[in-house]
Ligand SMILES: Cc1cc2nc3c(=O)[nH]c(=O)nc-3n(C[C@H](O)[C@H](O)[C@H](O)COP(=O)(O)O)c2cc1C
């Protein structure tokens with residue numbers, strides 16, 4: 001099989017985002033609510049995101065800079081409040097998630113309260129979005145900066161799952177009902193997760 005090499009240390013350094021965001025797919029989407037300084041609620045999606053362990057329950061996502069040296073509002077809010085809620089995204093909130101990626105002046109809410117409902121969280125003061133299939137109440141463990149990348153490490157305290165999606169006894173997700181959207185190549189490609197298959201482990 002032939003392949004083409006892309007050199008992220010040299011010729012393709014400036015294309016690293018496009019190359020990596022194109023090939024490392026699909027990615028889950030963290031739709032994150034945080035509290036602005038005036039108490040209003042900020043929401044934004046981040047697909048540099050995943051779960052990295054369960055003891056403690058650890059999630060990491062990576063909000064970049066708005067412009068050099070200026071963190072995105074989500075990161076700014078988390079440094080101050082040290083808490084946030086991560087939601088997963090399915091078709092029911094896909095459009096609202098996408099709208100919330102708009103770059104608005106700090107403090108201007110990306111949440112359209114005509115279509116979305118904010119509910120109190122139980123362990124933190126940042127509210128969660130009722131319409132999202134899953135909400136993870138998190139506190140900030142730490143934030144690590146590597147070059148212009150910023151990794152927000154969060155500990156998950158409470159998980160809210162839309163009724164019917166997870167068996168409360170076995171804690172198994174119902175794969176036939178839960179269909180999170182995945183992020184594909186930047187800027188605007190997504191995938192759905194309706195078509196599933198199973199392979200037994202050896
Ligand atoms: C599906 C999706 C995934 C995104 N993933 C990221 C990401 O991983 N990191 C990032 O910095 N921006 C990402 N963005 C862009 C941010 O959502 C956007 O910059 C947003 O305005 C940030 O909002 P904030 O300043 O309120 O934090 C993504 C946008 C979309 C639509």
Estimated distance in nm for a label pair at residue 189 and residue 82, the labels positioned 7 Å out from Cα along Cα-to-Cβ: 4.1 nm
Using the count of nearby Cβ atoms within 10 Å as a rough guide to exposure, how do 201, 80, 183, 27 rank from fewest to most? 201, 80, 27, 183
Helix-only estimate, please: 222 nm mean residue ellipticity of the chain, summing -39500 (n - 2.57) across DSSP H runs of length 4 or more and dividing by its residues, to the nearest 500. -3000 deg cm²/dmol
Between residue 65 and residue 113, how high is the FRET efficiency from 1/(1 + (r/R0)^6) when r is the Cβ-Cβ distance and R₀ = 22 Å? Nearest 0.05. 0.20
Give the order of 82, 150, 55 when sorted by the count of other beta carbons within 10 angstrom, beginning with the fewest. 55, 82, 150
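Quote the relative contact order of region 1-84 in percent (integer), defining contacts as alpha-carbon pairs under 8 Å separated by 6+ residues.
Values: 92 pairs, mean separation 17.9, N = 84.
That works out to 21 percent.
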Could you quote the convex hull projected area for region 14-191, Cα atoms only and averaged over all directions, in nm²? 10.6 nm²
Please check which bits of region 114-132 a label hung off residue 95 would reach, taking the label as a point 7 Å along Cα-to-C-beta and the cut-off as backbone N under 16 Å. 114-117, 131-132
Pick from 177, 122, 47: which residue has the top mean-square fluctuation in a GNM of the chain where Cα pairs under 10 Å get a spring? 177
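When a footprinting reagent is the concern and you count Cβ atoms within 10 Å, what order do 189, 31 take, fewest first?
Numbers: 189 13, 31 27.
If I rank by nearby Cβ atoms, fewest first, I get 189, 31.
Values in this text are rule-based calculations from the coordinates and carry no lab data. Every value quoted in this text rests on a predicted model; they were computed, and no experiment measured them. Don't worry about glycine lacking a Cβ; one is built from the backbone with ideal geometry, like all the others, and counts go over all protein chains shown.
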